[in-house]
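Laboratory data are not the source of any read-out in this text; all were calculated from the coordinates shown. All figures in this text were calculated on a predicted structure; none of them were measured in a lab. Here the Cβ is made from the backbone with ideal geometry for all residues, glycine too, and neighbour counts use every protein chain on show.
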Amino acid sequence: MFGDKKNKLKDSERSLISETVSIEGTINSSGAIDIAGLVKGPVISREIIVRETGSITGSIEGDHVEIHGHMDGKISGDDIVIGSTGTVKGDIEFANNLKTENGADIDGYIKKSNISKSKLSADFLFSKSKEDKKSKDSEQPETVVNKDTEALA
């Protein structure tokens, strides 16, 4: 029953975090996630939709991102939609398209990036090779630039 190959989940299936659910921690998915509840922590998925009742405190990274609820953190994606009921307190970085509907509330910097987030895959989300871990450990610390200085440039 559970071990049948017929019952394997497909990347196209959707996951729902309902209004009655509160999650603290990292959420990774190679499919799509609808968030109607509360999430504290980063969310990484191909498609992320934060419904009107949904709230995320943390970062979001995905190919397609829609915010109709509350978001407190950085958003990175190829295509991003901030709905009329959406509130974003944080920076937005997009590769292809950014759509804001009338009534959307954004408090943060918006940046168009040349880097596509579409390289998200099941392999990227759930496993890292030993070489990736070693190269990350040997890297020098990243230099941080003051946002105010960066905005003036």
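Let's see how each residue does on (1) touching a Gly at 6+ places or on another chain (Cβ under 6 Å); (2) surrounded by fewer than 19 Cβ atoms within 10 Å (Cβ to Cβ):
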| residue | (1), (2) |
| --- | --- |
| I17 | yes, no |
| G25 | yes, yes |
| S29 | no, no |
| A32 | no, no |
| A36 | yes, no |
| I49 | no, no |
| I60 | no, no |
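Which residues, counting only those in the stretch 60-84, are over 13 Å from K99 (Cα atoms) and touching a residue at least 40 places away in the same chain (Cβ under 8 Å)?
Selection gives E61, G62, D63, S76.
Among the residues of the stretch 65-78, what is the count of those that are part of a strand (DSSP E or B) and more than 11 Å from the chain's Cα centre (by Cα)?
2
Residue-by-condition table, conditions (1) assigned to a loop (DSSP other than H, G, I, E, B); (2) of a type in the set (D, E, K, R):
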residue: D63; (1), (2): no, yes
residue: E93; (1), (2): no, yes
residue: N96; (1), (2): no, no
residue: N102; (1), (2): yes, no
